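None of the figures in this text is laboratory data; all of them are computed from the coordinates on show. These figures come from a predicted structure and were not determined experimentally. Positions of Cβ are generated from backbone atoms using ideal geometry, with glycine treated the same way; all protein chains shown enter the neighbour counts.
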C-alpha cells in the first residue's frame, strides 16, 4: 500500500486488525507497507495487502483492499549446512532470482525459482550445487600449495589431512579436489626429498600422508584420477622410505618406526637387523576387525593379504648399497580396495581387480627378477556368491612407469596358484 511518509508513525495498526506490518520508503517519497495476519469480515488469507491510508488513518480497511496478490515468493534468508547462507529478494512466480555463491567460486551464482503461492505459503526450488562450492570444496580451492615449505610442512599437512578426513560427502569427493590433494602430496614428497627433517617431524609427515591415503579409498573410483603423473601411493612409499632409512634410528635390533592402521589401509615402517632377516626373512599380513585394519603379527584367521620376504632376499651380495649399514629399512603397505590403482586406457575391458593390494619396499636392496627364492604373496579373493567359480585369476603387480608414467597393472614375474578356498598365491 502507499501512504504519506508523515503518516507512518500515527498508524494504529492493532486497532484496525493488523498484527504485523513492514513498510519501505519509495523513491517518490511514498511508503509501501505490507501487512500480515489481516483480520476482516472477508476472511482473506492474503500474504500481501495494499491499503490506502489518508490523513493518518486507514479508510475502510475491510472494504478497499486494492490487491491480494498470491503470485510471488517473499524475500527470504536461507542457510544450508554445505553451501552457506543466502538472502533472496521477492520475486514473481516463474521468475528466477540469482545471488552470489557464499563460498565461491567468483562470478558464480545460486538460483531460486519461485513456483507458486497459496496464502502465506510459497513454493520454490533453490539450486546451489550446479555452480557453487561447498564450504569444504572452498577450503580445498583456497589452499595454497606453493606456501608449503620445510618450516611449516608438519603443521600445514596435518591441517590438510584433517580437511581430507572431513570430506565425506560425494559432492566434495570430486576430481577438482583430488587434483589439489595430488598437488599437496607431490609438494610434500619434494620437500621430504630435499630437506633434512628430524625424526619427530618426519614421523608426523608420514602419519598425515597415511591418513590422507586412507581416507581417499572411500572416494568414488571415477573421481580418482592420476594427474601430472603423480601417484599418491608412490608418494606414500617415498616419504615412508625416507623415514625407514633415517639415520636417527638404531640398527642393532628390530625397531617398529611407525605403524598406521586405518579404516581401509595400513602402513608399517620398521628397521630390521640384517642378521635376523638373513635367518628368518620377514612376513607381513593384514586382517580386518571392528576397529579397521589390523596388522598384528601372527594373525592367521581372516587374512586379507600377506607377503613373505625370503631370507635369500637379504643375502650379503644384495645389501652392498644398503644406506643404513647393519639395519634394513622396510616399508609394508596394505590397501583394502584397489581404488587408488585405476584401470587405465588400453586395459582389457573384462579385467577386474578383486582383491586387496599389498606391497613391500626394501630400502637400498634391489628386488630384481633374479631371486633365489620367490616372494610369496597371498590374497583373499572377493567372491559375489558362494557358488561363484573364478576363472583365469592371475596375480598382477603395479608398474609405476607404465602408461606414460600414470601406472598400470602387469602380470610380469607373477606365478599364480588358485586354491579351493578362493585364495590366490
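Tabulated results
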item: Label-to-label distance, nm, for residues given as residue 115 and residue 278 (7 Å Cα→Cβ offset); result: 7.7 nm
item: For 86, 131, order by how many other beta-carbon atoms lie within 10 Å, fewest first; result: 131, 86
item: Residue exposure sequence - 271, 282 - by fewest surrounding Cβ within 10 Å; result: 282, 271
item: Two-decimal Rg/Rh across the stretch 135-244, once Rg and the Kirkwood Rh are taken from alpha-carbon atoms; result: 0.94
item: Whole-Å distance, taken between Cα centres, linking the stretch 242-291 and the stretch 82-111; result: 53 Å
item: log10 of Debye I(q)/I(0), alpha-carbon scatterers only, for the stretch 159-219 at 0.20 Å⁻¹; result: -0.77
item: Inter-probe distance in nm under a simple model that places probes 7 Å from Cα toward Cβ, at residue 317 and residue 75; result: 8.7 nm
item: Distance (nanometres) between label positions extended 7 Å along Cα→Cβ at residue 107 and residue 375; result: 5.1 nm
item: Radius, Kirkwood style, for the stretch 131-178 when every pair of distinct Cα atoms is counted (Å); result: 11.5 Å
item: Förster-model FRET efficiency, 22 Å R0, residue 147 and residue 196, C-beta, rounded to 0.05; result: 0.65
